[in-house]
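Input: a single structure, listed below in structure tokens.
The values are calculated or read from the model by the stated rules, or taken from the named source; none is laboratory data. Quick caveat, the model's predicted, so the values are computed rather than measured. All Cβ positions, even for glycine, are placed from backbone atoms using ideal geometry, and neighbour counts span all protein chains on display.
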Amino acid sequence: MPAKASVVAPARSLLDHPLLQEGATRSRAALHGRGTRLTVDGLAGRASALAASIGRLGLRGVALHLDNGPDWVVIDLACQAAGVVSIPLPTFFSSEQLRHVLDTMPLDAVFTDRPDALAPLCAGRLEGGPDFEPEFELRSAVLLRVDPPRDPVRLPPGTGKVTFTSGSTGRPKGVCLSQAQLFAQAEALAAAVGLTAPRHLCALPLSTLLENVAGVYAPLLAGGAVIVPALADLGFAGSSSLDPPTFLRSVAQAQPTSLILTPQMLQLLVAAAHGGWQPPATLAFVAVGGARVPAGLVERAHALGIPAYEGYGLSECASVVSLNLPGAALPGSCGRPLPHLGIEIVDREIQVTGNAMLGYAGEPQSWAPQRIATGDLGALDAAGYLRIDGRRKNLLISSFGRNISPEWVESEVLADGALAECVVFGDARPHCVALVSPRDPQLPDRAIQQTIDRCNARLPDYARVLGWRRLSRPLAGDGELLTDNLRPRRPAIAARYGDLLRDLYRDGPPATASYARTA
């Protein structure tokens, strides 16, 4: 049986890395955003001061529920320096998802920029306000005391960070990683990409491990600076809605060297460039991943002056696993694995070795894995390039990179009993849609929409059903569309109703969620 877990990670900060210790390096710009400009020394000073305050409070586990900004980075690095476990919480998590984390994780405090919204989720467990005095003023974050759960889940020994995926279900898993694993990943990425003193614009939430490691740690180790505007300043409204003019203006103003984008965001840049928008001449590397990249999108981006490179990764391997690079890129592939990682294809499934997670929070049977079975199907060619062919299990990955279990959304839609059948789609699309059958064939569309609306109110924005169609006949009894135990045969349903599904997406999300028509 695994030894009892400790929630205290080794006290090692990225700012203590040898690459950041040279005198000239310490005085260079490191962090910009929200009116704050910090050198490496300034960032280190703030992180150290906050780490001392965290230490005086005797905290062991600290959550971050914050918008992007300098405070997020300072708090993250302070947790490293203080040797406490940091638990980034996506700001797009639903109330149910946040409550699950707060009720189960070994937490003492939460840094948040929305205390009024967070307090009701904790059922009165929050105590007081900030009880610390760092040598500077956090611009946006407030520290809230939390009474730890009576029976918190155990974490693997050495855990420094617990990262949650985008929440494929109402109870997302916490992936536990050590600081050493995260730093090794950042070092490998900085070396592989090979940019000197990059200027990186964080365009994804910092709670996303990919942006945290590849967008903050790696650029800093490469001698660069990190720009961290608020997500609203980039044009985000929620987690799956992006205003194109605002985003384009932000990219142009920042003049970044590098970006990390989801396929949906890259499509936006490609469409704008095709229409005459000029990508910044400074752009040298645009990583794209998090979801399936449409065929030909990367090639179109290059033709328009956007240096896009597709990659593949997952939190269980500390983010990036493989990546196309300048001079080593194969269109349609996810590139070659990073040097410290190995990939094997076992029964068509991609399995990764070399930097496997410590395990899942609260699941000792998952601790200390030697390899990660990804659940993704793929192949390696003779030159070592990885191709992704699909998923072994049902999982939708939206074009914004959000993982969504269709069964989760379907169970919410069917919960009030008005509908007998619901099949949700949305892989590589910006939002979910559904094919439904009511229990009462005479049920009006208005009542179906009310059911969908009630369901959407319980779901995070990225998992909501923004379009649906009523099936002309139920799936029940059709052996080609249902298994023997009445589970939907999703590929067969998608094939039969392909025109209908394409029509649902043709004009994008509707002004209202209702565009029902009989299939």
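Points to keep in mind about this one:
- Hey, Val213 part of a helix (DSSP H, G or I) and in contact with a helix residue (DSSP H, G or I) (Cβ under 8 Å, 6 or more places away or on another chain) or not: yes
- Any chance Leu66 is surrounded by 24 or more Cβ atoms within 10 Å (Cβ to Cβ), more than 21 Å from Leu15 (Cα to Cα) and in contact with a strand residue (DSSP E or B) (Cβ under 9 Å, 6 or more places away or on another chain): yes
- Test: residue in the stretch 43-61 that is at pLDDT 90 or above, under 18 Å from Thr196 (Cβ atoms) and either surrounded by fewer than 16 Cβ atoms within 10 Å (Cβ to Cβ) or more than 26 Å from the chain's Cα centre (by Cα) (or both): no
- Every pair of residues 6+ apart whose Cβ atoms lie under 8 Å, when the first sits in the stretch 142-155 and is closer than 12 Å to Val110 by Cβ while the second is in a strand (DSSP E or B) and charged (D, E, K, R): Leu144/Glu127; Arg145/Glu127; Val146/Glu127; Asp147/Glu127
- Pair list, Cβ < 8 Å and 6+ apart or interchain, from the stretch 13-36 residues that are under 24 Å from Val85 (Cβ atoms) and outside the structural domain of Arg139 (by TED's automatic domain parsing) to residues that are of a type in the set (D, E, K, R) and surrounded by 15 or more Cβ atoms within 10 Å (Cβ to Cβ): Leu20/Arg26
- Subset of the stretch 216-246 [in contact with a helix residue (DSSP H, G or I) (Cβ under 8 Å, 6 or more places away or on another chain) and in a loop (DSSP other than H, G, I, E, B)]: Ala222, Gly223, Val228, Pro229, Gly235, Gly238, Ser239, Ser240, Ser241
- Test: Ala218 is farther than 18 Å from Leu14 by Cβ, buried (at least 23 other Cβ atoms within 10 Å of the Cβ) and either modelled with pLDDT of 95 or more or outside the structural domain of Leu338 (by TED's automatic domain parsing) (or both): no
- Residue count, the stretch 373-428 (criterion: crowded, with 20+ Cβ neighbours inside 10 Å and of a type in the set (A, V, I, L, M)): 9
- Per-region count, the stretch 37-56, residues among the charged types (D, E, K, R) and without any contact (Cβ under 8 Å) to a residue 40 or more places away in the chain: 2
- In the stretch 57-76, the residues that are outside the structural domain of Ala230 (by TED's automatic domain parsing) form no Cβ pair under 9 Å with any partner that is among the small types (Gly, Ala, Ser), whether six or more places apart or across chains.
- For the condition closer than 26 Å to Leu177 by Cα and either without any contact (Cβ under 8 Å) to a residue 60 or more places away in the chain or not in a strand (DSSP E or B) (or both), Gly375 qualifies.
- So Thr196, is it surrounded by fewer than 20 Cβ atoms within 10 Å (Cβ to Cβ), closer than 21 Å to Asp76 by Cα, in the same structural domain as Val216 (by TED's automatic domain parsing) and of a type in the set (Val, Ile, Thr): no
- When Gly167 is tested against the conditions (1) small (Gly, Ala, Ser); (2) modelled with pLDDT under 85; (3) under 28 Å from Arg34 (Cα atoms), the lone failure is (3).
- Single residue of Ala373, Ala420, Ala415 found to be assigned by TED's automatic domain parsing to the domain that holds Arg154 and of a type outside the set (Lys, Arg): Ala373
- Inter-residue pairs, beta-carbon under 8 Å, first closer than 17 Å to Ser239 by Cβ and in the stretch 255-281, second outside any loop (DSSP other than H, G, I, E, B) and of a type in the set (Asp, Glu), 6+ apart: Ile260/Glu211
- Residue match in the stretch 93-104 (condition: farther than 23 Å from Glu211 by Cα and either part of a loop (DSSP other than H, G, I, E, B) or at pLDDT 90 or above (or both)): yes
- Qualifying residue in the stretch 68-76 (condition: over 23 Å from Cys202 (Cβ atoms) and either out of contact with any helix residue (DSSP H, G or I) (no Cβ under 9 Å at 6 or more places or on another chain) or part of a helix (DSSP H, G or I) (or both)): no
- Filtered residue count, the stretch 242-288, keeping only those that are of a type in the set (S, T, N, Q), within 24 Å of Ser319 (Cα to Cα) and modelled with pLDDT of 95 or more: 2
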